[in-house]
Amino acid sequence: MALVDCDETPRSSQADHDCRLSIHDIVNNIYRIIDSPSFEDLIDFSTITESSLSFLDEQAIWHAWYQSSTLPRPPGPYAWQSTSDLSEALINSAKVQINWPGGSNHPEVITRRYIPIEPDAVGFSVLMDRWIIVGVGSRLLWYDLHSRHVDEKILFDAGDGRRIECLRSAWKVFSDGRIAAFVVIFVRQEMIISEILFAAGAPVEIRPVLRTELPGTLRRYFLSTSAWDEDIPSAVDELITNVFETTTHVVKARSVLVRGRGWMSFLECFPINQHPASDVLYSSHKGRVVDILMQVPFVIHESPPDPVTGEVEFAVAGLAENALRDASGLTLSIATISLQHNGGILCERTDVIPIPQALSLHLDSSSGHVRGICSVGVDEDVKDVELVAFSLDYNPEKIRASCSETMEMDDEVLSWKLMAFDGFGGTAYFDTESEVGRCVEIHNFASETEPLDRMPAQTIVFERLHQS
(Lines give C-alpha, C1' and ligand atoms only; values in the text may rest on other atoms or scores of the structure.)
Protein backbone atom coordinates (compact mmCIF):
# COMPACT_ATOMS: atom_id res chain seq x y z
CA MET A 1 0.00 0.00 0.00
CA ALA A 2 1.64 3.26 -1.14
CA LEU A 3 1.16 6.01 1.40
CA VAL A 4 3.40 8.76 0.02
CA ASP A 5 4.10 9.01 -3.69
CA CYS A 6 7.88 9.67 -3.73
CA ASP A 7 10.47 8.62 -6.29
CA GLU A 8 12.37 5.61 -4.95
CA THR A 9 15.65 6.81 -6.55
CA PRO A 10 17.08 9.82 -4.72
CA ARG A 11 18.53 12.32 -7.20
CA SER A 12 19.69 15.00 -4.83
CA SER A 13 19.49 16.24 -1.29
CA GLN A 14 16.66 18.49 -2.44
CA ALA A 15 14.70 15.41 -3.52
CA ASP A 16 15.26 13.87 -0.12
CA HIS A 17 13.99 17.05 1.47
CA ASP A 18 10.86 17.04 -0.70
CA CYS A 19 10.00 13.51 0.43
CA ARG A 20 10.13 14.39 4.11
CA LEU A 21 6.52 15.46 4.56
CA SER A 22 5.13 17.33 7.50
CA ILE A 23 2.57 15.79 9.83
CA HIS A 24 -0.10 17.85 8.05
CA ASP A 25 0.97 16.48 4.64
CA ILE A 26 1.01 12.91 5.95
CA VAL A 27 -2.51 13.30 7.29
CA ASN A 28 -3.70 14.65 3.95
CA ASN A 29 -2.06 11.79 2.05
CA ILE A 30 -3.21 8.87 4.16
CA TYR A 31 -6.52 10.15 5.53
CA ARG A 32 -8.18 8.53 2.50
CA ILE A 33 -7.81 5.17 4.26
CA ILE A 34 -10.13 6.27 7.03
CA ASP A 35 -12.35 8.21 4.67
CA SER A 36 -12.62 5.27 2.27
CA PRO A 37 -15.63 2.93 2.45
CA SER A 38 -13.14 0.03 2.42
CA PHE A 39 -12.94 -0.68 6.13
CA GLU A 40 -10.64 -3.65 5.49
CA ASP A 41 -7.96 -1.12 4.49
CA LEU A 42 -8.12 0.39 7.95
CA ILE A 43 -7.68 -2.99 9.63
CA ASP A 44 -4.79 -3.94 7.32
CA PHE A 45 -3.28 -0.53 7.80
CA SER A 46 -3.30 -0.94 11.58
CA THR A 47 -1.04 -3.96 11.17
CA ILE A 48 1.37 -1.97 9.02
CA THR A 49 1.55 0.85 11.56
CA GLU A 50 2.49 -1.56 14.32
CA SER A 51 5.26 -3.16 12.30
CA SER A 52 6.99 -0.42 10.36
CA LEU A 53 5.44 3.04 10.30
CA SER A 54 6.59 4.54 13.56
CA PHE A 55 5.53 8.03 12.59
CA LEU A 56 1.92 6.96 13.05
CA ASP A 57 2.50 6.99 16.78
CA GLU A 58 2.02 10.72 16.47
CA GLN A 59 -1.10 11.63 18.43
CA ALA A 60 -1.83 14.52 16.05
CA ILE A 61 -2.50 12.05 13.23
CA TRP A 62 -4.97 9.98 15.23
CA HIS A 63 -6.62 13.14 16.55
CA ALA A 64 -7.21 14.28 12.96
CA TRP A 65 -8.50 10.87 11.90
CA TYR A 66 -10.73 10.60 14.93
CA GLN A 67 -12.33 13.99 14.36
CA SER A 68 -12.91 13.38 10.63
CA SER A 69 -13.88 9.70 10.54
CA THR A 70 -17.39 8.79 9.45
CA LEU A 71 -17.33 5.65 11.59
CA PRO A 72 -19.58 5.62 14.67
CA ARG A 73 -17.14 6.29 17.51
CA PRO A 74 -17.16 7.26 21.20
CA PRO A 75 -16.93 10.97 22.14
CA GLY A 76 -13.48 12.45 21.77
CA PRO A 77 -10.65 13.02 21.25
CA TYR A 78 -9.82 14.30 24.73
CA ALA A 79 -6.54 15.29 26.33
CA TRP A 80 -6.49 12.18 28.55
CA GLN A 81 -6.91 9.80 25.57
CA SER A 82 -3.69 8.23 24.34
CA THR A 83 -2.85 7.31 20.75
CA SER A 84 -3.67 3.72 21.68
CA ASP A 85 -7.12 4.76 22.99
CA LEU A 86 -7.98 6.55 19.74
CA SER A 87 -6.59 3.94 17.36
CA GLU A 88 -8.25 1.07 19.24
CA ALA A 89 -11.64 2.81 19.16
CA LEU A 90 -11.46 3.47 15.41
CA ILE A 91 -10.14 0.02 14.49
CA ASN A 92 -12.76 -1.75 16.64
CA SER A 93 -15.51 0.31 15.03
CA ALA A 94 -14.20 -0.60 11.58
CA LYS A 95 -14.22 -4.27 12.50
CA VAL A 96 -17.84 -4.00 13.64
CA GLN A 97 -18.85 -2.18 10.46
CA ILE A 98 -17.97 -5.08 8.15
CA ASN A 99 -20.18 -7.37 10.27
CA TRP A 100 -23.11 -4.96 10.58
CA PRO A 101 -25.90 -3.75 8.27
CA GLY A 102 -25.35 -2.81 5.51
CA GLY A 103 -22.13 -4.83 5.41
CA SER A 104 -23.97 -7.95 6.55
CA ASN A 105 -27.57 -9.09 6.47
CA HIS A 106 -26.95 -11.41 9.41
CA PRO A 107 -24.29 -10.19 11.89
CA GLU A 108 -22.40 -13.03 13.55
CA VAL A 109 -21.28 -13.15 17.16
CA ILE A 110 -17.47 -13.30 16.95
CA THR A 111 -16.66 -13.80 20.64
CA ARG A 112 -18.62 -14.56 23.83
CA ARG A 113 -17.69 -13.88 27.44
CA TYR A 114 -19.44 -14.97 30.62
CA ILE A 115 -19.27 -13.40 34.08
CA PRO A 116 -21.11 -15.47 36.71
CA ILE A 117 -23.31 -13.49 39.11
CA GLU A 118 -25.36 -14.45 42.13
CA PRO A 119 -28.86 -15.82 41.38
CA ASP A 120 -30.41 -13.25 43.75
CA ALA A 121 -28.60 -10.23 42.24
CA VAL A 122 -31.01 -7.35 41.63
CA GLY A 123 -29.45 -6.82 38.20
CA PHE A 124 -26.49 -5.11 36.63
CA SER A 125 -25.60 -1.93 34.81
CA VAL A 126 -22.89 -1.14 32.27
CA LEU A 127 -20.88 2.03 32.79
CA MET A 128 -18.99 3.64 29.90
CA ASP A 129 -19.07 0.33 28.00
CA ARG A 130 -16.28 -0.96 30.22
CA TRP A 131 -17.32 -1.46 33.84
CA ILE A 132 -20.12 -3.81 34.88
CA ILE A 133 -21.80 -2.94 38.18
CA VAL A 134 -23.84 -5.65 39.95
CA GLY A 135 -26.08 -5.26 42.99
CA VAL A 136 -25.87 -8.24 45.40
CA GLY A 137 -27.26 -8.04 48.92
CA SER A 138 -26.00 -4.80 50.46
CA ARG A 139 -23.04 -4.46 48.10
CA LEU A 140 -22.30 -3.00 44.69
CA LEU A 141 -19.71 -5.12 42.90
CA TRP A 142 -17.88 -4.05 39.77
CA TYR A 143 -15.81 -5.70 37.08
CA ASP A 144 -13.33 -4.04 34.71
CA LEU A 145 -13.71 -5.67 31.28
CA HIS A 146 -10.34 -4.28 30.16
CA SER A 147 -8.51 -6.29 32.81
CA ARG A 148 -6.92 -9.54 31.74
CA HIS A 149 -8.48 -11.24 34.77
CA VAL A 150 -11.97 -9.90 35.42
CA ASP A 151 -11.98 -9.88 39.22
CA GLU A 152 -14.82 -8.80 41.46
CA LYS A 153 -14.29 -5.59 43.44
CA ILE A 154 -16.51 -3.97 46.06
CA LEU A 155 -17.62 -0.53 44.90
CA PHE A 156 -20.05 0.31 47.71
CA ASP A 157 -21.62 -1.33 50.77
CA ALA A 158 -24.95 -0.06 52.11
CA GLY A 159 -24.43 -1.88 55.44
CA ASP A 160 -25.59 -5.07 57.13
CA GLY A 161 -29.23 -5.89 56.61
CA ARG A 162 -29.72 -3.11 54.02
CA ARG A 163 -30.46 -5.02 50.85
CA ILE A 164 -30.19 -3.16 47.55
CA GLU A 165 -33.54 -3.45 45.80
CA CYS A 166 -32.87 -1.57 42.55
CA LEU A 167 -29.81 -0.39 40.63
CA ARG A 168 -29.36 2.20 37.89
CA SER A 169 -26.38 4.09 36.49
CA ALA A 170 -25.85 7.07 34.21
CA TRP A 171 -22.79 8.70 32.69
CA LYS A 172 -21.84 11.46 30.31
CA VAL A 173 -18.60 12.78 28.80
CA PHE A 174 -18.63 16.55 28.34
CA SER A 175 -17.08 18.37 25.40
CA ASP A 176 -14.02 19.29 27.47
CA GLY A 177 -13.39 15.65 28.42
CA ARG A 178 -14.82 15.77 31.94
CA ILE A 179 -16.71 12.62 32.95
CA ALA A 180 -19.85 12.62 35.08
CA ALA A 181 -20.93 9.17 36.29
CA PHE A 182 -23.51 8.26 38.92
CA VAL A 183 -24.91 5.08 40.44
CA VAL A 184 -28.44 5.16 41.86
CA ILE A 185 -29.58 2.47 44.31
CA PHE A 186 -32.73 1.98 46.33
CA VAL A 187 -32.44 0.49 49.83
CA ARG A 188 -35.78 0.00 51.55
CA GLN A 189 -37.41 3.43 51.31
CA GLU A 190 -34.15 5.31 50.77
CA MET A 191 -32.62 6.43 47.51
CA ILE A 192 -28.84 6.83 47.41
CA ILE A 193 -27.03 8.55 44.54
CA SER A 194 -23.26 8.02 44.48
CA GLU A 195 -20.87 9.90 42.22
CA ILE A 196 -17.97 7.99 40.66
CA LEU A 197 -14.93 10.25 40.41
CA PHE A 198 -12.60 9.80 37.43
CA ALA A 199 -8.98 10.72 36.72
CA ALA A 200 -7.35 10.19 33.31
CA GLY A 201 -10.46 8.38 32.13
CA ALA A 202 -10.46 5.78 34.94
CA PRO A 203 -12.53 5.66 38.18
CA VAL A 204 -10.62 6.48 41.36
CA GLU A 205 -13.29 6.97 44.04
CA ILE A 206 -17.02 6.62 44.76
CA ARG A 207 -18.75 9.19 46.93
CA PRO A 208 -22.41 9.24 48.06
CA VAL A 209 -23.83 12.65 47.21
CA LEU A 210 -27.53 12.20 47.92
CA ARG A 211 -29.43 10.47 50.70
CA THR A 212 -33.10 11.45 50.46
CA GLU A 213 -32.20 15.18 50.48
CA LEU A 214 -30.47 17.09 47.71
CA PRO A 215 -27.05 18.42 48.77
CA GLY A 216 -25.77 21.79 47.70
CA THR A 217 -23.06 20.22 45.52
CA LEU A 218 -25.53 18.49 43.21
CA ARG A 219 -26.93 20.83 40.55
CA ARG A 220 -30.60 20.24 39.77
CA TYR A 221 -33.00 22.04 37.46
CA PHE A 222 -36.70 22.82 37.62
CA LEU A 223 -38.71 23.29 34.44
CA SER A 224 -40.99 26.30 34.61
CA THR A 225 -44.65 25.66 33.87
CA SER A 226 -46.25 27.21 30.81
CA ALA A 227 -49.80 28.12 29.95
CA TRP A 228 -50.89 25.65 27.29
CA ASP A 229 -54.62 26.34 27.47
CA GLU A 230 -54.71 27.77 23.97
CA ASP A 231 -52.59 24.92 22.56
CA ILE A 232 -53.76 21.74 24.30
CA PRO A 233 -57.46 20.93 23.90
CA SER A 234 -59.28 20.32 27.17
CA ALA A 235 -60.94 17.10 25.98
CA VAL A 236 -58.11 14.55 26.13
CA ASP A 237 -58.05 10.85 26.94
CA GLU A 238 -54.37 10.48 27.80
CA LEU A 239 -51.26 12.57 28.46
CA ILE A 240 -47.77 11.04 28.29
CA THR A 241 -44.56 12.97 28.95
CA ASN A 242 -40.96 12.32 27.83
CA VAL A 243 -38.00 14.48 28.78
CA PHE A 244 -34.63 14.34 27.01
CA GLU A 245 -31.57 16.55 26.69
CA THR A 246 -29.54 17.93 23.81
CA THR A 247 -26.28 19.86 24.13
CA THR A 248 -28.16 23.14 24.45
CA HIS A 249 -31.71 22.35 25.59
CA VAL A 250 -33.88 20.21 27.81
CA VAL A 251 -36.86 19.06 25.74
CA LYS A 252 -40.22 18.14 27.24
CA ALA A 253 -42.49 16.17 24.89
CA ARG A 254 -46.11 15.50 25.73
CA SER A 255 -48.35 13.26 23.63
CA VAL A 256 -52.09 13.87 23.81
CA LEU A 257 -55.01 11.85 22.49
CA VAL A 258 -57.62 14.39 21.42
CA ARG A 259 -61.11 13.05 20.95
CA GLY A 260 -62.05 13.15 17.31
CA ARG A 261 -58.57 14.26 16.19
CA GLY A 262 -56.20 11.48 17.20
CA TRP A 263 -52.72 11.72 18.71
CA MET A 264 -50.52 14.81 18.58
CA SER A 265 -47.40 15.96 20.43
CA PHE A 266 -46.63 19.20 22.23
CA LEU A 267 -43.00 20.21 22.65
CA GLU A 268 -41.35 22.69 25.02
CA CYS A 269 -37.62 23.49 24.85
CA PHE A 270 -35.67 24.99 27.75
CA PRO A 271 -32.17 26.47 27.17
CA ILE A 272 -29.80 24.91 29.70
CA ASN A 273 -27.48 27.87 30.36
CA GLN A 274 -29.87 30.75 29.75
CA HIS A 275 -29.65 31.86 33.41
CA PRO A 276 -26.51 30.21 34.91
CA ALA A 277 -27.23 31.45 38.46
CA SER A 278 -30.78 30.05 38.52
CA ASP A 279 -31.98 26.48 39.01
CA VAL A 280 -35.16 27.24 37.07
CA LEU A 281 -35.19 26.68 33.29
CA TYR A 282 -37.60 28.79 31.26
CA SER A 283 -39.15 27.75 27.98
CA SER A 284 -37.80 29.44 24.85
CA HIS A 285 -39.76 27.45 22.24
CA LYS A 286 -43.02 25.57 22.21
CA GLY A 287 -45.40 24.19 19.63
CA ARG A 288 -47.86 21.53 18.55
CA VAL A 289 -46.30 18.99 16.17
CA VAL A 290 -46.94 15.58 14.67
CA ASP A 291 -47.17 12.63 17.06
CA ILE A 292 -43.60 11.60 17.94
CA LEU A 293 -44.10 9.59 21.14
CA MET A 294 -41.07 7.30 21.57
CA GLN A 295 -40.30 4.76 24.27
CA VAL A 296 -36.81 6.27 24.77
CA PRO A 297 -35.65 9.15 22.54
CA PHE A 298 -31.96 9.09 21.53
CA VAL A 299 -30.39 12.30 20.20
CA ILE A 300 -28.49 11.26 17.05
CA HIS A 301 -27.64 14.60 15.40
CA GLU A 302 -27.32 18.27 16.34
CA SER A 303 -26.65 21.15 13.99
CA PRO A 304 -24.88 24.25 15.32
CA PRO A 305 -27.07 27.36 15.75
CA ASP A 306 -27.56 29.36 12.58
CA PRO A 307 -25.13 32.32 12.82
CA VAL A 308 -27.80 34.76 11.59
CA THR A 309 -31.13 33.56 12.98
CA GLY A 310 -29.90 31.46 15.90
CA GLU A 311 -32.20 28.63 14.82
CA VAL A 312 -31.24 25.14 16.04
CA GLU A 313 -32.03 21.75 14.50
CA PHE A 314 -31.58 18.31 16.05
CA ALA A 315 -32.81 14.79 15.39
CA VAL A 316 -33.91 12.05 17.77
CA ALA A 317 -34.45 8.36 17.04
CA GLY A 318 -36.36 5.69 18.91
CA LEU A 319 -39.19 3.17 18.90
CA ALA A 320 -42.24 5.23 17.98
CA GLU A 321 -45.83 4.32 18.63
CA ASN A 322 -48.50 4.11 15.97
CA ALA A 323 -51.96 5.67 16.13
CA LEU A 324 -53.42 2.57 17.83
CA ARG A 325 -50.63 2.41 20.44
CA ASP A 326 -50.21 -1.36 20.02
CA ALA A 327 -46.96 -3.36 19.89
CA SER A 328 -47.59 -4.59 16.35
CA GLY A 329 -47.22 -1.07 14.99
CA LEU A 330 -43.88 -0.05 16.53
CA THR A 331 -41.34 1.47 14.14
CA LEU A 332 -37.79 2.74 14.37
CA SER A 333 -38.47 6.39 13.62
CA ILE A 334 -36.58 9.67 13.43
CA ALA A 335 -38.00 13.04 14.45
CA THR A 336 -36.19 16.10 13.07
CA ILE A 337 -36.96 19.09 15.29
CA SER A 338 -36.23 22.69 14.32
CA LEU A 339 -36.37 25.55 16.83
CA GLN A 340 -37.46 28.66 14.93
CA HIS A 341 -36.33 32.23 15.54
CA ASN A 342 -39.90 33.26 16.44
CA GLY A 343 -40.18 30.73 19.29
CA GLY A 344 -42.09 28.14 17.29
CA ILE A 345 -41.14 24.52 16.57
CA LEU A 346 -41.21 22.56 13.32
CA CYS A 347 -41.05 18.78 13.40
CA GLU A 348 -40.86 16.10 10.72
CA ARG A 349 -41.32 12.40 11.57
CA THR A 350 -39.83 9.70 9.35
CA ASP A 351 -40.82 6.06 9.97
CA VAL A 352 -37.67 4.20 8.93
CA ILE A 353 -37.91 0.49 9.85
CA PRO A 354 -41.05 -1.35 11.04
CA ILE A 355 -40.19 -3.55 14.06
CA PRO A 356 -43.41 -5.28 15.21
CA GLN A 357 -43.32 -6.69 18.76
CA ALA A 358 -40.18 -4.69 19.58
CA LEU A 359 -39.30 -4.85 23.29
CA SER A 360 -36.27 -2.63 23.85
CA LEU A 361 -33.93 -0.63 21.66
CA HIS A 362 -30.33 0.40 22.31
CA LEU A 363 -28.15 2.56 20.03
CA ASP A 364 -25.05 4.71 19.94
CA SER A 365 -24.38 7.53 17.49
CA SER A 366 -21.80 10.12 16.51
CA SER A 367 -22.38 12.92 14.01
CA GLY A 368 -25.48 11.24 12.62
CA HIS A 369 -23.88 7.80 12.19
CA VAL A 370 -25.93 5.30 14.19
CA ARG A 371 -25.43 1.66 15.13
CA GLY A 372 -28.07 -0.14 17.18
CA ILE A 373 -29.78 -3.35 18.21
CA CYS A 374 -33.36 -4.20 19.19
CA SER A 375 -34.89 -7.17 21.02
CA VAL A 376 -38.09 -8.50 19.45
CA GLY A 377 -40.75 -10.82 20.82
CA VAL A 378 -41.60 -13.82 18.64
CA ASP A 379 -45.28 -14.55 17.95
CA GLU A 380 -46.28 -12.12 20.71
CA ASP A 381 -44.47 -14.31 23.24
CA VAL A 382 -41.99 -12.17 25.16
CA LYS A 383 -40.31 -15.30 26.55
CA ASP A 384 -39.11 -16.21 23.06
CA VAL A 385 -37.00 -13.27 21.90
CA GLU A 386 -34.79 -12.52 18.90
CA LEU A 387 -32.50 -9.64 17.96
CA VAL A 388 -32.46 -7.23 15.03
CA ALA A 389 -29.40 -5.12 14.17
CA PHE A 390 -29.61 -1.84 12.26
CA SER A 391 -27.55 1.11 11.11
CA LEU A 392 -28.56 4.65 10.18
CA ASP A 393 -26.79 7.52 8.49
CA TYR A 394 -28.52 10.84 9.04
CA ASN A 395 -27.84 14.22 7.50
CA PRO A 396 -30.10 17.23 6.85
CA GLU A 397 -30.74 16.10 3.26
CA LYS A 398 -31.05 12.33 3.44
CA ILE A 399 -31.51 9.32 5.76
CA ARG A 400 -29.96 5.94 4.90
CA ALA A 401 -31.05 2.87 6.85
CA SER A 402 -30.14 -0.84 6.85
CA CYS A 403 -31.65 -3.62 8.95
CA SER A 404 -30.55 -7.21 9.43
CA GLU A 405 -32.49 -10.42 9.54
CA THR A 406 -33.44 -11.63 13.01
CA MET A 407 -30.75 -13.27 15.14
CA GLU A 408 -31.71 -16.08 17.50
CA MET A 409 -30.25 -16.66 20.95
CA ASP A 410 -28.69 -19.90 22.16
CA ASP A 411 -31.32 -22.62 22.65
CA GLU A 412 -29.65 -23.67 25.91
CA VAL A 413 -30.45 -20.33 27.56
CA LEU A 414 -33.54 -20.57 29.77
CA SER A 415 -34.11 -16.82 29.92
CA TRP A 416 -32.28 -13.71 28.83
CA LYS A 417 -32.72 -9.96 28.63
CA LEU A 418 -30.82 -7.37 26.60
CA MET A 419 -29.48 -4.92 29.19
CA ALA A 420 -27.07 -2.68 27.27
CA PHE A 421 -25.34 -2.25 23.92
CA ASP A 422 -22.08 -0.54 22.99
CA GLY A 423 -22.74 0.47 19.39
CA PHE A 424 -19.21 1.78 18.86
CA GLY A 425 -17.41 -1.40 19.88
CA GLY A 426 -20.24 -3.74 18.80
CA THR A 427 -20.81 -5.33 22.21
CA ALA A 428 -24.17 -6.51 23.60
CA TYR A 429 -24.73 -7.32 27.27
CA PHE A 430 -27.37 -9.85 28.38
CA ASP A 431 -28.68 -10.99 31.74
CA THR A 432 -28.99 -14.72 31.07
CA GLU A 433 -29.92 -17.81 33.03
CA SER A 434 -29.12 -21.38 32.00
CA GLU A 435 -28.92 -24.74 33.66
CA VAL A 436 -25.45 -23.90 34.99
CA GLY A 437 -26.57 -20.65 36.61
CA ARG A 438 -26.97 -16.91 36.06
CA CYS A 439 -24.39 -14.73 34.34
CA VAL A 440 -23.63 -11.57 32.41
CA GLU A 441 -23.29 -12.79 28.83
CA ILE A 442 -21.28 -10.53 26.53
CA HIS A 443 -21.47 -10.81 22.75
CA ASN A 444 -18.97 -9.00 20.53
CA PHE A 445 -19.50 -8.47 16.80
CA ALA A 446 -16.08 -7.06 15.80
CA SER A 447 -14.90 -9.16 12.85
CA GLU A 448 -11.42 -9.27 11.32
CA THR A 449 -12.64 -10.20 7.83
CA GLU A 450 -15.89 -10.26 5.92
CA PRO A 451 -17.03 -13.78 4.88
CA LEU A 452 -17.27 -14.15 1.12
CA ASP A 453 -20.71 -15.75 1.22
CA ARG A 454 -22.35 -13.07 3.34
CA MET A 455 -25.08 -11.00 1.70
CA PRO A 456 -25.24 -7.29 2.50
CA ALA A 457 -28.39 -5.94 4.09
CA GLN A 458 -30.71 -3.89 1.93
CA THR A 459 -30.28 -0.13 2.26
CA ILE A 460 -33.30 2.18 2.26
CA VAL A 461 -32.92 5.88 1.47
CA PHE A 462 -35.33 8.59 2.65
CA GLU A 463 -35.15 12.09 1.16
CA ARG A 464 -35.76 14.81 3.71
CA LEU A 465 -38.84 16.99 3.22
CA HIS A 466 -37.93 20.53 4.19
CA GLN A 467 -40.71 22.53 5.82
CA SER A 468 -41.18 26.23 5.45
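Numbers below:
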| quantity | calculated |
| --- | --- |
| Protection proxy ranking of 280-286, 260-266 - average other beta-carbon atoms within 10 Å, highest first | 280-286, 260-266 |
| Solvent-accessible area, 1.4 Å probe, carbon plus sulfur percent, for segment 302-344 | 57 |
| Dipole magnitude of segment 292-398 about its Cα centre (Cβ charges: Lys, Arg +1; Asp, Glu -1), debye to nearest 20 | 120 |
| Spin-label pair Thr241/Asp157, simplified geometry with 7 Å Cα→Cβ offset, distance in nm | 4.1 |
| Packing rank of 314-321, 345-352, where each peptide gets the mean count of other beta carbons within 10 Å, highest leading | 314-321, 345-352 |
| Å² per residue, accessible surface of segment 308-348 at 1.4 Å | 34 |
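The values are calculated or read from the model by the stated rules, or taken from the named source; none is laboratory data. These figures come from a predicted structure and were not determined experimentally. Don't worry about glycine lacking a Cβ; one is built from the backbone with ideal geometry, like all the others, and counts go over all protein chains shown. Just so you know, the surface numbers come from the protein's heavy atoms only, side chains and all, with ligands and any DNA or RNA stripped out. Shrake-Rupley method; radii C 1.70, N 1.55, O 1.52, S 1.80 Å.
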